[in-house]
Structure formats: C-alpha cells, structure tokens
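The values are calculated or read from the model by the stated rules, or taken from the named source; none is laboratory data. Predicted model, so just to flag it, every value in this text is computed and none were measured. Counting neighbours? That spans all protein chains shown, and the Cβs are built from the backbone with ideal geometry, glycine included.
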Amino acid sequence: MDAAIDDGVDVLSLSLDSPARIFFEENVAVGAFSAIEKSILEPNGYNINAEAHVLPAVHVSYVDGLRVNAYITSTASISFKGNIIGDDRAPSIASFSNRGPNLASLRILKPDIISPYINILAVWHDSIKNTSTKSPFNMISGKSMSCPHLSGIAALLKNAHPKWSPVMIKSVIMTTADLLKLANNSIEDQTLQPTNVFAIGSSHVNASKATDSRLVYDIRPEEYLPYFKLEAQLNYTSFSTFLGSTNQTYSRTVTTVGEAISTYSVEIDPPPGIDLSVEPSRLQFSELNQKMTYSVTFSRSTTAKYSARSPIVVFIE
C-alpha cells in the first residue's frame, strides 16, 4: 500500500477476507488513513471462492433445486434454450454478503454501498490459478467482484473531478444510489424477503447518477482523531445513533459542486417508532462551492391512546 501511495495512484482497490477489528489494531485502517491524507480512494470488498465447472452446468437456489429434482424424477427432459437477461428481481443480496452493524464503530453505518457481485462474467487472465478451465473468460460471484466495480466508478469520478477528496467521491456514490430493484420494489435477500439497511447501506450504486451529482459531503483527515476520542461527530453521509429517553441531534455540512444557484428541500422517511426533524428544511445555495450546515434530531415517537379519523377527498379543477 505504501509503495502504491509513493507511485502516486488515485484509487486503491482492496478485497479483504478478515473480520473487522478495532481501528488502531487494524493495519489496513492505518494504511488507508495514510492514503486518504493524499486524496486516494480505497474501495473495500470481501472475497469468496468461486467454482468454474469443467462441463456445462447451471447453478440454482436451494428452493429451485428441489423443484428441479422433483421435475427430473418425473417423466421429463432438460434442454438449454440460451441466456435470459434483464431479470427484474436484480439486484439482490446473496447469503454470503456481509451484513452490518459495524462492530468496530457502531456510530458509522456499514455497509456504505452495494454494487454488482453475483454472476460476473469477465476476462480471466492465465496467470490466475484456476485448474478448472483454460478459458480466457470466467463467471464468478463474490464481494471481490463488487470491489472492482466501485473502484472503476471511483476512478471515473476522480478523472472528472481531480480535486475531489475520497470522502467527496464516496458521498456522491452513496447519495445517488438506487433504492429499488428493476421491478420497482424493495431489494430482496436470498430468501426473497425485503432487505434492511444493514444489508444494503445506501443501496445499489448508480454510476450515471453519481457522475451527475451536485451536492457532496467531505471530511478532512484531521477530523478523524477527535471522532476516535469521542469528542466530535464525523461529517458522514449516513447516520447511526443510539436513542434512549433523550433526543439526539447531529449536524452535517454539505457543499454544492454543480449549479451555483440551487435549492434542496428535505423529504423524511423515518424508521418505525422514530420521529425525525431537520433544520433548516430547505438549503438555498447562491454560489458554487458554497457550504451549508443542517441538523437532524432523532426522538422516539409518541403513540396516542385514542384516535379519530376523518376521510378527505380533493377535486382538482
């Protein structure tokens, strides 16, 4: 990592295969801090072993496997009819995908983002140890497939905005992510149930939207030390908090990097049982690279003992 930094790289693509540890005991975290001081972005993933079949084969889920087995035991035959693309259930979360929370620091939500990592077809260099096939292409799955997707998107953003910090680049990737799958409903896990924030973070990356983002978050390297000492907040894109009987308030600072004159209004979709208030409710920018700060207050919802409901109808003239 130090050699790559000395070479002047802009993006480090690392795929890790170890559990999270306390930051000051984590060599990668220490090296990553040196990288961000020099504005180098470092996407992380976790690898997984893949299988390259010698004979033509098909991978199916356990549930589908039971159906196939039941079909085969009857009078049946199987024929290959080509590939199907555009599955409207994509993207989805696999069983091997790491989930949050972030045990090393519960006040930072993890994961940050998800990207394509299932059934990735790509070139396969002959220097890679693979005794199953001599093909120059291979299809494998794993979070190490997600890593190069995000690394490539980060490199494109760095090329378009050379002066952006790693945090700025990550923030636009997070704030422009797609919340829904292609079928226009919630992203599902391996059980076909809707996922939660600990599985998808900000949700699925959208490279086109990220390149057209107009609002960014940033964190200077020197701001991390007070956070580690529990003396300050981080200007992080997401929020993770503990809530008891006392309300919790956090502040964030954003910078406009697109149109000089622009307005952003708040839309709130709070978790069940939680009330959220944002002040101010509207940010109005008048110049490029202008910074503005807003605050978010978290409180527990109060449930009324009695309620009365009135129907409403509105006729549009």
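Quick grid of which residues meet (1) at positive phi; (2) aliphatic (A, V, I, L, M):
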{"position": "ASN119", "(1), (2)": "yes, no"}
{"position": "MET168", "(1), (2)": "no, yes"}
{"position": "ASP178", "(1), (2)": "no, no"}
{"position": "THR191", "(1), (2)": "no, no"}
{"position": "PHE198", "(1), (2)": "no, no"}
{"position": "SER208", "(1), (2)": "no, no"}
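Just so you know, in the range 226-254 the residues that are of a type in the set (Ser, Thr, Tyr) and in contact with a helix residue (DSSP H, G or I) (Cβ under 8 Å, 6 or more places away or on another chain) include one that is nearest to ILE173 (Cα to Cα), and it is THR237.
Surrounded by 15 or more Cβ atoms within 10 Å (Cβ to Cβ) and without any contact (Cβ under 8 Å) to a residue 24 or more places away in the chain: is that true of TYR250 in this structure? Here the answer is no, as TYR250 does not meet what is asked. Of the residues making up the range 275-305, those that are within 27 Å of the chain's Cα centre (by Cα), within 18 Å of VAL216 (Cβ to Cβ) and of a type in the set (Phe, Trp, Tyr) number 1.
The single residue among ASN235, ASN196 that is buried (at least 16 other Cβ atoms within 10 Å of the Cβ) and either under 22 Å from LYS110 (Cα atoms) or not acidic (Asp, Glu) (or both) turns out to be ASN235.
A quick yes/no check of all residues on (1) in contact with a helix residue (DSSP H, G or I) (Cβ under 7 Å, 6 or more places away or on another chain); (2) modelled with pLDDT of 95 or more; (3) buried (at least 20 other Cβ atoms within 10 Å of the Cβ):
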residue	(1), (2), (3)
TYR117	yes, no, yes
ILE120	yes, no, no
HIS125	no, no, no
THR131	no, no, no
PRO136	no, no, no
MET145	no, no, yes
PRO166	yes, no, yes
